[in-house]
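A short write-up of the structure that comes next.
Here, each number is a calculation from the coordinates, and none is a lab measurement. Remember, predicted model here, so these are calculated numbers, not experimental data. Glycine gets a Cβ as well: all are built from the backbone with ideal geometry, and neighbour counts include every protein chain shown.
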Amino acid sequence: MSIDSTVLAALAPTGVLRASINTGNPILARLDAQAEAAGVSVDLARALAQRLGVGLKLVVVDAAGKSVDVVSQEQADIGFFAIDPRRAASISFTEPYVLIEGYYLVHNDSPIRTNADVDRAGNRVVVGKGSAYDLYLTRELHHAEIVRAPTSPTVVQTFLETQCEVAAGVKQQLEADAANVPGLRLLDERFMVIRQAMGVPVSRGTQAAAYVAGFVEDMKASGFVAQALQQHGVTGVTVAPATRNPGAIVSQLSGHG
């Protein structure tokens, strides 16, 4: 496939595709036994580099906020993020490739039974600093206090150490942590849907952003994303539906990102 030289220069100005990979979301990326990044986002980055005909360099970070900073500051050419309006000032998002659910975790003896019980004075909600659910809950919670853990994987540890009332995060991460700590339970309903997408710096222009948007739609339609999820043993997430306009960049962002 022929690549427009302008698009190629915008996406790989150094001659290689630099991809920011966030291992703070283990559903999409993690460090393997050899301490190398692996996962769905790594597979997508590799496929895009191959399509562009360039090499791939992974810029590995351990938190979503760090990944946003790396791409916003153009230390990487692409990244993998949850869509959020606050991030859209510096990053052009594709449509999502997977949908992930955000849940609340509490102690078994907590009086908090429903999501509506969370946003009350005196409740402290632990989130991963700079994560999609941090940004969302900062907007949506008006009475509860937000407490920020350094990264998403440290949310439950921080929740326990600080004796807070609620932990918030990706359902699978909370379930895995709760399995190792007796006396914890998830609430019965999600508080948000996290729309995980690819993104490029806004400064790279609309053509480059549209190219990556089209790439994501191809990866969904071909079954690549579903196969990658299966290969990496990821369950409980949904491949996002295809958009009717694959070249379009998300321009109106809802709060569920």
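Hey, for a label at residue 243 modelled as a point 7 Å past Cα toward Cβ, could you say which residues of region 1-27 have their backbone N under 19 Å away? Inside the label zone: 7, 11. For region 100-192, just say rounded, prolate or oblate: build the C-alpha gyration tensor, square-root its eigenvalues into a ≥ b ≥ c, call rounded for a/c under 1.5, and beyond that prolate if a/b exceeds b/c, oblate if not. The shape class here is rounded. For the chain, a Gaussian network of Cα nodes joined below 10 Å ranks 205, 79, 128 by mean-square fluctuation, and the top entry is 205.
Here the label points at residue 203 and residue 50, each 7 Å from Cα along the C-beta direction, are separated by 3.1 nm in the simple model.
With charges set only on the Cβ (+1 for Lys and Arg, -1 for Asp and Glu), what does the dipole of the chain come to about its Cα centre, in debye to the nearest 20?
400
With loop membership from DSSP and a limit of 13 other Cβ atoms within 10 Å, the longest segment of the chain without GluC sites (Glu not before Pro) is 37-188. Compared with the direct C-alpha span, the chain from residue 99 to residue 75 gains 6.0 nm at full extension, assuming 0.36 nm per residue.
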